[in-house]
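The values are calculated or read from the model by the stated rules, or taken from the named source; none is laboratory data. Remember, predicted model here, so these are calculated numbers, not experimental data. Virtual Cβ from ideal backbone geometry, glycine too; neighbours counted across all protein chains shown. Quick note on the areas: whole protein, heavy atoms, side chains included, nothing else; ligands and nucleic acids left out. Shrake-Rupley method; radii C 1.70, N 1.55, O 1.52, S 1.80 Å.
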Amino acid sequence: MPEDQGFLKKRLAECEEELARTRELLLIDPITGFFNERGFLRALNAEMSRCLREGYFLALTLLEIQGLEAVEGVFGVFGVQKILSFLAEHLKKHLRVYDLLGTTSRNIFWIATPIKRTGEGARIAQRIQELVEDLVYDDGKLTFPVRTTLITRVLCGGSPSAELLHQTLKLLPKARLAREPLVILGSESPEQKSLEQKIFRAIVRGELAVALQPALNIRTGKVVFHEVLARFISEEGTVSAGTFLPSVEGLGLFEDLDRQILYKALVLLKNTPEIGRVAVNISPQYILGDLAQDLLSWIRELDLYPQDIILEIHPQSTVPPLSLFPKLHFLKGEGFSLSLDKFGSEGVHLSFLRDIPWDMVKVDGGCIRGLITNEFDRRVLGFLSDCALLQGFKLVAEQVEEERILRELTRYGISYAQGFHCGEPELIPETRYVKPPGPAGHHRRG
């Protein structure tokens with residue numbers, strides 16, 4: 001029996017090693033040896049995170065190879081593959097070993113290079129152009145002079161990596177007309193980079209603060225819950241979450257952000273129970289991760305009631321709805337209230353409305369602001385009112401900024417309202433010193 005166990009353990013270890021190798025292969029383009037699109041986006045997120053952490057900029061270069069269609073017409077796909085492999089080997093030989101190399105289509109290469117100053121972006125672009133300038137593939141049968149289009153963008157965090165690649169691709173028509181590489185510095189500056197570095201460190205160290213914004217019962221005018229909002233406090237002032245959420249998404253820090261804000265909200269509720277129920281924004285990434293484990297552990301530790309905690313979920317188009325359903329049903333069964341955030345914005349499907357037992361649905365501010373003047377927005381609210389009656393949830397209006405809109409909401413069965421007209425967020429500065437248990441950043445996937 002012990003021999004059988006030893007054999008099984010050894011075989012299990014071999015299977016795990018094979019699985020790890022297979023996963024790595026799924027991230028590599030077999031022709032060039034570069035990262036494929038999935039692998040490059042993953043590596044780019046990690047590199048942007050490292051640059052923010054260590055105080056560097058990042059030069060992202062798009063290299064388009066021209067004329068491959070003509071090669072394929074004469075020599076077929078195999079001829080194109082020989083050229084791609086030749087060019088990839090040339091780049092790998094002459095670029096630094098720590099530069100990231102990726103490909104997202106047959107004629108598009110990407111190179112990500114860490115730099116210390118924004119001005120180095122132009123030199124990076126010039127160096128890459130010199131590497132491929134006058135380069136010719138010649139195997140005796142196929143001769144191909146390499147012609148390329150180059151775009152280099154200098155980054156300091158900010159937009160999600162997939163969006164950065166998409167934005168850069170849209171510049172290709174302009175770049176093809178230029179004789180020199182197109183270098184884009186964008187709005188990045190040393191000041192912006194410094195701010196993003198500070199916010200990044202505050203997130204991974206658990207040093208953000210929270211603010212509370214009340215939601216009112218429209219008929220009684222009483223506060224029914226407070227939404228917990230993330231804030232970054234610096235010497236220059238207080239920065240709202242809307243400013244740094246693009247960096248959070250691009251660097252894969254949603255779980256770190258959500259985890260610390262949730263814990264701070266629970267501690268605040270424990271210490272000041274008079275604030276009543278709290279609503280905390282939760283990303284799909286945290287739901288699919290360790291949310292349930294953290295939440296159940298913390299409410300036991302702090303002696304809180306699940307019904308005082310509203311989990312506010314804003315779905316994302318990159319996360320399949322079906323993957324969230326069992327997790328949300330479990331949390332609902334444990335006694336926590338569920339709120340669907342920003343209905344009417346991108347990424348919120350009708351299946352979310354139908355298949356999850358929501359306690360509340362928050363209507364995106366875009367629909368609310370147009371209530372007086374826009375017939376379409378009124379029809380949307382009428383539809384939601386019917387759904388609320390059928391499904392048994394409450395409607396919450398976001399971004400209510402004037403009295404006449406507040407009065408109009410009652411006609412559509414909306415129970416609660418949030419916005420500057422109902423009450424501005426109140427910063428709780430001392431919450432920046434409250435940190436969740438466990439080492440900072442231990443939930444990050446890297």
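Per-structure values
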{"read-out": "Failed item, numbered, when LYS141 is tested on (1) over 20 Å from the mean Cα position of the chain (by Cα); (2) not in a loop (DSSP other than H, G, I, E, B)", "value": "(2)"}
{"read-out": "Subset of the stretch 220-240 (residues that are surrounded by fewer than 17 Cβ atoms within 10 Å (Cβ to Cβ) and either touching a Phe, Trp or Tyr at 6+ places or on another chain (Cβ under 9 Å) or at pLDDT 90 or above (or both))", "value": "THR220, GLY221, LYS222, THR238, SER240"}
{"read-out": "Verdict on LEU395 being open to solvent by less than 30 Å² (accessible area, probe 1.4 Å) and at pLDDT below 90", "value": "no"}
{"read-out": "Criterion (crowded, with 23+ Cβ neighbours inside 10 Å and touching a helix residue (DSSP H, G or I) at 6+ places or on another chain (Cβ under 6 Å)) met by exactly one of VAL278, VAL210, VAL248", "value": "VAL210"}
{"read-out": "Any helices (runs of 4 or more DSSP H) falling wholly within the stretch 236-333 and containing at least 2 residues that are under 17 Å from the mean Cα position of the chain (by Cα) and under 23 Å from SER49 (Cα atoms)", "value": "241-250, 254-271, 284-288"}
{"read-out": "Test: residue in the stretch 290-312 that is under 27 Å from ARG201 (Cβ atoms), open to solvent by 10 Å² or more (accessible area, probe 1.4 Å) and at pLDDT below 80", "value": "no"}
{"read-out": "Hey, ALA162 of a type outside the set (Val, Ile, Thr) and either without any contact (Cβ under 8 Å) to a residue 12 or more places away in the chain or open to solvent by less than 30 Å² (accessible area, probe 1.4 Å) (or both) or not", "value": "no"}
{"read-out": "Qualifying residue in the stretch 78-91 (condition: of a type in the set (S, T, N, Q) and either in a helix (DSSP H, G or I) or in contact with a His (Cβ under 9 Å, 6 or more places away or on another chain) (or both))", "value": "yes"}
{"read-out": "Checking GLU120 against (1) without any contact (Cβ under 8 Å) to a residue 60 or more places away in the chain; (2) within 14 Å of VAL154 (Cα to Cα); (3) within 30 Å of the chain's Cα centre (by Cα), the condition it does not meet", "value": "(1)"}
{"read-out": "Selected residue (only one of PRO320, PRO357 is free of Cβ contacts under 8 Å to residues at least 40 places away in the same chain, closer than 29 Å to ARG259 by Cα, surrounded by fewer than 18 Cβ atoms within 10 Å (Cβ to Cβ) and touching a Lys or Arg at 6+ places or on another chain (Cβ under 6 Å))", "value": "PRO357"}
{"read-out": "Residues located in the stretch 106-155, provided they are of a type in the set (S, T, N, Q), open to solvent by less than 10 Å² (accessible area, probe 1.4 Å) and either within 22 Å of ILE83 (Cα to Cα) or modelled with pLDDT under 90 (or both)", "value": "THR149"}
{"read-out": "Condition met for GLN81 (out of contact with any helix residue (DSSP H, G or I) (no Cβ under 8 Å at 6 or more places or on another chain), within 17 Å of ILE184 (Cβ to Cβ) and open to solvent by 10 Å² or more (accessible area, probe 1.4 Å))", "value": "no"}
{"read-out": "Subset of the stretch 55-78 that is of a type in the set (D, E, K, R) and without any contact (Cβ under 8 Å) to a residue 40 or more places away in the chain - its residue that is surrounded by the most Cβ atoms within 10 Å (Cβ to Cβ)", "value": "GLU72"}
{"read-out": "Residue satisfying condition, being closer than 18 Å to LEU169 by Cα, free of Cβ contacts under 8 Å to residues at least 60 places away in the same chain, open to solvent by 20 Å² or more (accessible area, probe 1.4 Å) and not β-branched (Val, Ile, Thr), within set ARG38, ARG42, ARG96", "value": "ARG38"}
